[in-house]
């Protein structure tokens with residue numbers, strides 16, 4: 001029973017990380033209407049930045065995270081401006097997708113050249129050891145608790161931002177009908193830039209939490225969590241902010257439980273199997289709305 | 001028995017009743033107009049008739065057969081073809097390939113024959129090509145058959161879209177604002193084309209149009225749609241003279 | 001008139017492609033026979049050819065069907081292992097030629113089936129799901145085979161994901177897949193000539209397919225799905241068809257792969273995501289939708305970094321930059337506009353000079 005609880009809490013923690021990444025995916029997908037394949041690699045970039053400033057230069061972890069957030073935000077904005085925006089109205093929807101894959105590949109290989117393929121060991125940004133319950137039979141790490149809390153705070157913040165601010169309303173408008181939003185005087189370019197900025201900042205936060213919980217850092221650290229977070233976003237209903245949260249948590253719990261009780265080799269297969277099942281049974285996900293294509 | 005019989009058709013999108021209690025009856029050989037102000041639900045009716053949207057209420061009968069809920073490609077085989085308000089050609093295909101793709105179920109051969117260009121391939125392709133050229137000739141497009149369809153002038157693109165729809169040999173042709181974006185000369189040419197195909201192919205046509213000159217010029221009957229509901233229907237002249245229609249639609253000049 | 005036109009439209013370009021491939025093969029063969037080719041380059045010929053085949057397959061998916069697959073290395077993996085297992089089991093039972101032919105058919109059919117199964121949940125949907133699902137498939141299939149132990153003895157087939165010992169076989173049992181060590185002893189049935197013949201086969205099939213009623217249906221779906229439905233084209237059926245053919249051809253390349261290597265291992269180096277991206281780079285640089293372009297790009301881009309060893313370290317980085325640049329130059333509406341204007345001005349300038 002205790003081992004189940006431990007797994008469950010670990011799943012909740014991993015799921016919270018997926019949720020933060022999925023929030024970035026789902027916002028960019030909903031508003032810019034593109035799958036930012038490089039989103040997972042923004043996480044990796046965030047991890048390396050924190051690693052340099054915190055482990056190498058001995059800066060306070062919180063300061064290192066703030067620097068990572070700023071730099072990742074700049075990276076997201078630049079990528080959108082340079083690589084994605086020129087292709088926004090391309091004749092083929094594949095154009096921007098392939099370019100995003102190019103960006104992902106670029107970031108991974110750049111990191112490979114700079115840092116090499118060897119694993120860097122990341123020092124947790126949360127020094128707190130955590131709590132122990134039931135007379136020590138259930139240990140919950142500090143990073144686990146922090147991760148879950150941070151993801152909840154982010155969810156609340158984003159919900160308030162989207163529904164209570166002008167910029168958030170502009171995002172909703174652009175996601176529903178870009179042309180109409182433009183006619184209403186909304187600056188679509190600015191709105192999409194803001195979306196990328198938020199998504200990339202979240203990637204940096206996710207990176208800090210991910211590398212603290214799983215402290216081995218390589219150029220490919222972000223790739224798999226990124227793709228799984230996309231699965232989480234689809235599971236929750238792509239384009240939906242609460243959906244990304246739910247999808248992330250569900251996926252994280254399923255992954256950890258499969259790792260514990262079925263097979264660690266098959267856990268990934270199970271996670272992607274869920275994607276296939278969702279696509280067959282309910283392609284709009286748990287909270288997604290059915291969007292009719294305009295004819 | 002009418003060719004197209006629509007009974008109490010309706011659809012709602014998330015609580016919004018886009019089309020409500022829509023009835024329509026078109027006799028074989030008629031040229032029928034569907035008019036109404038912007039946002040009245042005209043294109044939605046087309047999308048319901050062609051299976052792009054599934055109706056939440058009502059029935060559609062074509063030639064006495066119930067086709068409600070059929071998929072788009074089945075409805076084409078049932079005998080309805082259409083054009084689109086914003087032209088939807090196969091842009092990276094040549095003019096003739098646009099028509100030939102519409103002919104794909106006329107001459108059949110297996111995928112194996114397609115992959116190795118053997119068996120029925122050569123004969124079938126020759127027939128398809130001749131047939132496509134014949135259709136293009138009717139629309140005066142045969143001299144441009146090898147041009148990329150996206151390189152055609154606007155008016156010709158509209159014509160090619162009609163040619164492509166006609167290639168499926170429909171019983172009923174739906175034209176969604178065929179004159180949109182055309183200058184008066186192009187519109188006049190289009191009116192000739194529409195009359196020509198009706199005579200030549202003996203077909204029934206339902207069209208959505210804003211250009212009242214075109215509607216009163218060629219449509220025998222019209223139905224006026226307003227806020228998703230039928231406002232008036234009948235002979236074109238009478239309907240267009242109806243004060244309520246004038247108020248709802250013509251008065252609201254755009 | 002009609003006949004002549006048909007020939008010019010359908011056949012000319014196709015036969016040029018075959019001609020280029022055959023000419024390249026003849027030149028390579030002459031160099032090899034004359035001993036003018038380094039053994040290093042000689043070893044690159046077969047891989048170069050099977051990557052060209054996968055590039056052709058992927059272009060069918062990306063350029064003709066308009067769907068992005070990131071799992072073509074995975075289909076290669078399926079084709080490679082399924083055919084290698086057959087060849088291993090039947091080694092010595094039948095003549096080499098027959099065995100390879102059957103292995104080829106098995107590799108192609110198994111990867112076609114896998115492609116079909118992957119297509120079912122994904123291809124009826126619109127959007128970017130195929131890219132994610134194929135990417136996931138490629139990684140999972142690679143990892144599963146890498147962790148798998150498979151053996152056969154008189155009692156039948158044994159599978160384990162733990163160790164070779166866990167197979168619990170009789171002493172004379174034969175281990176087919178030895179976990180991460182992979183498959184050893186697959187007969188070396190493929191060579192450059194066979195690879196070129198299969199490349200030609202892939203080219204014939206794909207180019208003929210494009211130039212047929214099926215191909216037109218697939219391309220019409222790519223250009224406008226709703227319009228394609230409106231003229232009675234069964235969209236899902238044709239998407240499945242094109243994707244299955246594409247997967248089958250990638251599997252065929254895998255058959256050459258496994259019958260040209262001493263130890264077949266399911267590693268990232270051979271079947272990982274990186275390989276799928278590399279093939280995508282070939283397709284994009286050769287021109288999306290240009291089958292001949294894929295072959296030429298695959299050959300050049302495969303040979304170049306292998307021959308310029310200094311480049312190898314930066315190869316992936318350069319590829320990624322080139323990929324982004326080519327996409328933007330070729331597909332950005334503004335870039336297209338500028339290019340058209342530029343060429344128009346040149347044309348006008350030439351006309352003026354001509355009349356002056």
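Please treat every number below as a calculation from the coordinates, not as lab data. What you are looking at is a predicted structure, and each value in this text was computed from that prediction instead of being measured. Quick reminder, even Gly has a Cβ in these numbers, built from the backbone with ideal geometry, and neighbours come from all protein chains shown.
Principal-axis analysis of the Cα atoms of chain A puts helix A:267-281 at an angle of about 40° to the longest axis.
Given a Förster radius of 25 Å and the C-beta distance between residue A:78 and residue A:224 as r, what FRET efficiency does 1/(1 + (r/R0)^6) yield to the nearest 0.05? Please report the intermediate quantities before stating the final value.
Details: r = 24 Å, r/R0 = 0.98.
The calculated FRET efficiency here is 0.55.
Which of the peptides A:239-246, A:90-97, A:12-19 is most tightly packed, and how do the rest follow, judged by the mean count of other Cβ atoms within 10 Å per residue? Walk me through the numbers on the way to the answer.
Working: A:239-246: 23.8, A:90-97: 20.5, A:12-19: 28.0.
So the peptides A:239-246, A:90-97, A:12-19, ranked by packing, come out A:12-19, A:239-246, A:90-97.
Each helix, a run of at least 4 DSSP H residues, gives -39500 (n - 2.57); summed and divided by the residues of chain C, these come to -23500 deg cm²/dmol at 222 nm. On the basis of the beta-carbon distance and an R0 of 60 Å, residue B:2 and residue A:56 show a calculated FRET efficiency of 0.15. Apply the a/c threshold of 1.5 to the C-alpha gyration tensor of region C:14-307 and tell me whether it is rounded, prolate or oblate. Note, shape of region C:14-307 comes out oblate. Across peptide B:190-199, the mean count of Cβ atoms from other chains lying within 10 Å of each residue's own Cβ comes to 0.
A simple spin-label model places pseudo-atoms 7 Å from Cα toward Cβ; at residue A:114 and residue C:96 they are separated by 5.2 nm.
The Kirkwood hydrodynamic radius of chain A, based on inverse pair distances between different Cα atoms, is 19.5 Å. GNM remark for chain C: springs join alpha carbons under 10 Å apart, and the peak mean-square fluctuation among C:235, C:21, C:98 falls on C:98. Take the Cα of residue C:15, step 7 Å toward its Cβ, do the same at residue C:348, and the gap between the two points is 4.1 nm. Taking the Cα atoms only, what angle lies between the long axis of helix C:235-258 and the longest principal axis of chain C, rounded to 10 degrees? It is inclined by approximately 60 degrees. Highest average first, the peptides C:107-114, C:70-77 ordered by how many other beta carbon atoms sit within 10 Å of their residues are C:70-77, C:107-114.
Across all directions, the shadow cast by the convex hull of region B:92-169 built on its C-alpha atoms averages 5.0 square nanometres.
Between the Cα long axis of helix A:166-176 and the first principal axis of chain A there is an angle of about 70°, rounded to the nearest 10. A Förster radius of 45 Å, combined with the Cβ-Cβ distance separating residue B:86 from residue C:34, puts the computed FRET efficiency at roughly 0.15.
Antiparallel beta bridges, as assigned by DSSP with both residues in the protein assembly as shown, represent about 70 percent of the total such bridges. The eigenvalues of the Cα gyration tensor, multiplied by 5 and square-rooted, give the protein assembly as shown an equivalent ellipsoid with semi-axes of 49, 38, 27 Å from largest to smallest. For the segment A:79-89, counting C-beta atoms of other chains within 10 Å of every residue's C-beta and taking the mean gives 3. Each listed q (0.12, 0.23 Å⁻¹) maps to a log10 I(q)/I(0) for region C:13-108 from the Debye sum over equal C-alpha point scatterers, namely -0.59, -1.13. Among B:112, B:22, B:90, determine the one that fluctuates most according to a GNM of chain B built with springs between C-alpha atoms less than 10 Å apart. Highest fluctuation among the options: B:112.
Helical runs assigned H by DSSP (4 residues or longer) give chain A a calculated mean residue ellipticity at 222 nm of -23000 deg cm²/dmol, each run adding -39500 (n - 2.57) before division by the residue total. Given the options B:38, B:185, B:76, which has the most mean-square fluctuation in a GNM of chain B, springs set between C-alpha atoms less than 10 angstrom apart? Ranking B:38, B:185, B:76 by mean-square fluctuation puts B:185 first. Note on A:273-283: average number of Cβ atoms from other chains within 10 Å of each residue's Cβ is 4.
Here the simple spin-label model places points 7 Å from the Cα toward Cβ, and for residue A:216 and residue A:183 these points are separated by 5.6 nm.
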